[in-house]
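See below for the structure under consideration.
The values are calculated or read from the model by the stated rules, or taken from the named source; none is laboratory data. What you see is a predicted model; the values in this text were computed from it and never measured. Using ideal geometry, Cβ is built from the backbone for each residue, glycine included, and neighbour counts are taken over all protein chains shown.
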């Protein structure tokens, strides 16, 4: 059968298997998988079974529940992490950041944390915004870009993209901030070195009990990641993030995210931009 039904699968995948996966990824990364994600989970994890030459999901999940290796836990997490991103997604946030940066005292170092870096389009958009705000390829801005998925972080750190990924950028931005490939790299482009120097990439699980970096950050981008967490997990993460944001800093969330349940730590200033609840 070719309709994606259970009979067409290479491996048996029961409701119990799916429930075990949901419990494991929730415990590891805080991701709450909806019932509708069963086919996605099967498709992505079936690749791990083939790679490991295992015969059943039960064997694979038994191994994880018994402890598993650090490498396989990372592969499991990478497989179930969704990475949808683009340059200057939700463009009004970058305009707001530009205005914010232009109001900072001349020469004052500014720190930005991009907490769901994915394949890098968002942190590079932040770096471009910083360059444009200061009219310089060497603005006094440093950007920490983190993600739980080590595969996408490796892509982000390289800063190499197919031309279709940058096609919606205006011509001036493409010419200034990207080098077009030729020969063996035809059809690709790479972020220019000054842009890459503004960025530091690190692996981080937002569920970690403590974050290794120290604040304060002047801006935190945490967009389109909270939608994968339930409300208690969102609140726990915000309670760790907000102390790292400066009292005058800005917190940027995705357009479908809201934090009415976290009013004691964060308050909206409009258009999915927030400040600390104790901000002046």
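From 174, 180, grab the single residue that is more than 19 Å from the chain's Cα centre (by Cα), surrounded by 13 or more Cβ atoms within 10 Å (Cβ to Cβ), assigned by TED's automatic domain parsing to the domain that holds residue 139 and within 30 Å of residue 105 (Cα to Cα).
Among 174, 180, only 174 is more than 19 Å from the chain's Cα centre (by Cα), surrounded by 13 or more Cβ atoms within 10 Å (Cβ to Cβ), assigned by TED's automatic domain parsing to the domain that holds residue 139 and within 30 Å of residue 105 (Cα to Cα).
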Within segment 229-238, the residues that are over 16 Å from the mean Cα position of the chain (by Cα) and either on the phi > 0 side of the Ramachandran plot or not in a loop (DSSP other than H, G, I, E, B) (or both) are 231, 232, 233, 235, 236
Looking at residue 85, is it outside the structural domain of residue 204 (by TED's automatic domain parsing) and closer than 15 Å to residue 225 by Cα? yes
- Do we find a residue being modelled with pLDDT under 95 and not in a helix (DSSP H, G or I) anywhere in segment 35-45? no
Note: among 64, 49, 45, 24, just one is over 26 Å from residue 234 (Cβ atoms) and surrounded by 15 or more Cβ atoms within 10 Å (Cβ to Cβ), namely 49
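Let's see how each residue does on (1) assigned to a loop (DSSP other than H, G, I, E, B); (2) in contact (Cβ under 8 Å) with a residue 24 or more places away in the chain; (3) surrounded by fewer than 17 Cβ atoms within 10 Å (Cβ to Cβ); (4) in the same structural domain as residue 26 (by TED's automatic domain parsing):
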{"site": "212", "(1), (2), (3), (4)": "yes, no, yes, no"}
{"site": "221", "(1), (2), (3), (4)": "no, yes, no, no"}
{"site": "227", "(1), (2), (3), (4)": "no, yes, yes, no"}
{"site": "240", "(1), (2), (3), (4)": "no, yes, yes, no"}
{"site": "261", "(1), (2), (3), (4)": "no, yes, yes, no"}
{"site": "264", "(1), (2), (3), (4)": "yes, no, yes, no"}
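Test residue 97 against the criterion of being under 22 Å from the mean Cα position of the chain (by Cα), surrounded by 13 or more Cβ atoms within 10 Å (Cβ to Cβ) and at pLDDT 90 or above, and give yes or no.
Yes; evaluated as a whole, the condition is true for this residue.
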When residue 116 is run through (1) touching a helix residue (DSSP H, G or I) at 6+ places or on another chain (Cβ under 7 Å); (2) modelled with pLDDT under 95; (3) assigned by TED's automatic domain parsing to the domain that holds residue 155, the failure sits at (1)
Taking residue 217 as the residue in question, decide whether it is closer than 14 Å to residue 145 by Cα, outside the structural domain of residue 70 (by TED's automatic domain parsing), in contact with a strand residue (DSSP E or B) (Cβ under 8 Å, 6 or more places away or on another chain) and crowded, with 21+ Cβ neighbours inside 10 Å.
yes
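Please indicate, with yes or no, whether at least one residue in segment 267-278 is over 19 Å from the mean Cα position of the chain (by Cα), part of a helix (DSSP H, G or I) and assigned by TED's automatic domain parsing to the domain that holds residue 102.
Step one: list which residues in segment 267-278 are over 19 Å from the mean Cα position of the chain (by Cα), which gives 267-271, 275-278.
With the extra rule that they be part of a helix (DSSP H, G or I), the set shrinks to none.
Within segment 267-278, not a single residue is over 19 Å from the mean Cα position of the chain (by Cα), part of a helix (DSSP H, G or I) and assigned by TED's automatic domain parsing to the domain that holds residue 102.
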Residue set 132, 55, 90; condition at pLDDT 90 or above and at positive phi; output residue 90
Of the residues in segment 8-34 that are closer than 14 Å to residue 82 by Cβ and in a helix (DSSP H, G or I), the one that is farthest from the chain's Cα centre (by Cα) is 25
Being at pLDDT 95 or above, farther than 26 Å from residue 161 by Cα and touching a helix residue (DSSP H, G or I) at 6+ places or on another chain (Cβ under 7 Å), is that true of even one residue in segment 250-258? yes
